[in-house]
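All remarks here apply to the structure that follows.
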Amino acid sequence: AASAIFGALAVGATAAAIQRWGGSRFGAATGAATLAVAHTFWSMAEVAEVYTLHALLLALLLCLAPGTSRRGVFALGLLAGLSLNHHRMILPGSALIVAFAAFRAPDHRRTLGAGLALGLLPWLALAATHSPGSLRPVDGLSPTGLWLRRALLGGQGSAREFLPFGEGLPAAAGR
């Protein structure tokens, strides 16, 4: 159900992004309608996967990219950082969008970096508490998912529970 909701939101965000980049209302409606009836897009929305959230995040990043206000640039950095917590395949698109924003609003580069750092905070917290080998998605969990799962367990979980090779870890190294 969440994939379908993200898909519907991605269609709306696509229309907003097209208009934000100077497209007409007709162009935005046509682009959104094309995505709305695309068979491949909705076949991915029927299953619990990352694709529709990925599309939504990219569309939202594109909505924020043309802005040059301090708040808009911070929001872009924050969303870019959070999107990198979602799935690493968003890196090429988000990196280009962030680079464009840094070029377009050079006075707000520090603000962009602050938003990006804040958005990456869950991933950085995980990196600080786990060994480098454990920073890959395991059983469908992103680094943020691992971090949240560990936080929800109240710090009682161990790497032995999360990692496929965890059975071979000594008990002290798993904590």
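A short reminder: the numbers here are calculations on the coordinates, not readings from a lab. What you are looking at is a predicted structure, and each value in this text was computed from that prediction instead of being measured. So basically every Cβ, Gly included, is an ideal-geometry build from the backbone, and we count neighbours across all protein chains shown.
Net charge within 12 Å of V98 by Cβ-Cβ distance, Lys/Arg positive one each and Asp/Glu negative one each, not counting V98 itself?
Local charge sum for V98: +2.
All other residues with a Cβ under 9 Å from the Cβ of P66 taken together, and with Lys, Arg as +1 and Asp, Glu as -1, what is their net charge? Provide the component values of the computation, followed by the final result.
Details: positive: R20, R104; negative: none.
Local charge sum for P66: +2.
On each of the three principal axes of the Cα atoms of the stretch 1-131, give max minus min coordinate, whole Å, ordered largest first.
41, 38, 20
Where the Cα atoms of the stretch 1-45 are projected onto their three principal axes, how long is each span, largest first, in whole Å?
Answer, in whole Å and largest first: 32, 17, 10 Å.
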